[in-house]
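The block underneath contains the structure these notes are about, expressed in structure tokens.
Where a number appears in this text, it was derived from the coordinates with a stated rule and is not lab data. What you see is a predicted model; the values in this text were computed from it and never measured. Cβ coordinates were reconstructed from backbone atoms using ideal geometry, including for glycine residues, and neighbour counts include every protein chain displayed.
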């Protein structure tokens, strides 16, 4: 006798499918609601201890006050690029806007973020600067130009024993 012939077979099969669907949906929703991830990726309890070394991390374009003080309104894009380097962020939709962002995180300190935005007109001339760093003519005037004096020592014969002996044996002219 085949089990499919009794009248409640289809009803029992539908009940099983419905039970499996309810259990599956419950487990899926419960799995989505329970999140074991930490609020910040890459952090652990040990990283917060004072004796654990954390590297200094630098990201972006290094832009100093001296570099920004050399900026002048009316400069071309190529002149600004020469002073500050290639911008980290260039927007495809706003080609006349350059963003220089520099982030420095030392050890356990909060990251220090420096932002500089240069805005150019349609003739590729600098029109405006925005951000944490701004050109300051007073600061530039106070900075004295420093003369760089480089002393180069005379050449000394620092060849090793074997090279000196080989040079004497082969009668090569001394360097």
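Things worth noting here:
- Global geometry of the stretch 36-140, whether rounded, prolate or oblate, following the gyration tensor of its Cα atoms and the 1.5 cut on a/c: prolate
- Order by protection proxy (mean Cβ within 10 Å, highest first), peptides 69-75, 14-20: 69-75, 14-20
- Spacing of the two label points (7 Å from each Cα toward its C-beta) at residue 132 and residue 110, in nm: 1.2 nm
- Residue order, fewest to most beta carbons within 10 Å, for 45, 127: 45, 127
- Approximate spin-label separation residue 49-residue 167, in nm, with each point projected 7 Å along Cα-to-Cβ: 5.6 nm
- Each peptide in 153-160, 115-122 receives the mean, over its residues, of other Cβ atoms within 10 Å, and ordering these scores from highest gives 115-122, 153-160.
- Paramagnetic label zone (point 7 Å from Cα along Cα-to-C-beta, residue 56; backbone N under 19 Å) in the stretch 102-132: 102-115
- Neighbour-count ranking [beta-carbon atoms within 10 angstrom, fewest first] of 150, 22: 150, 22
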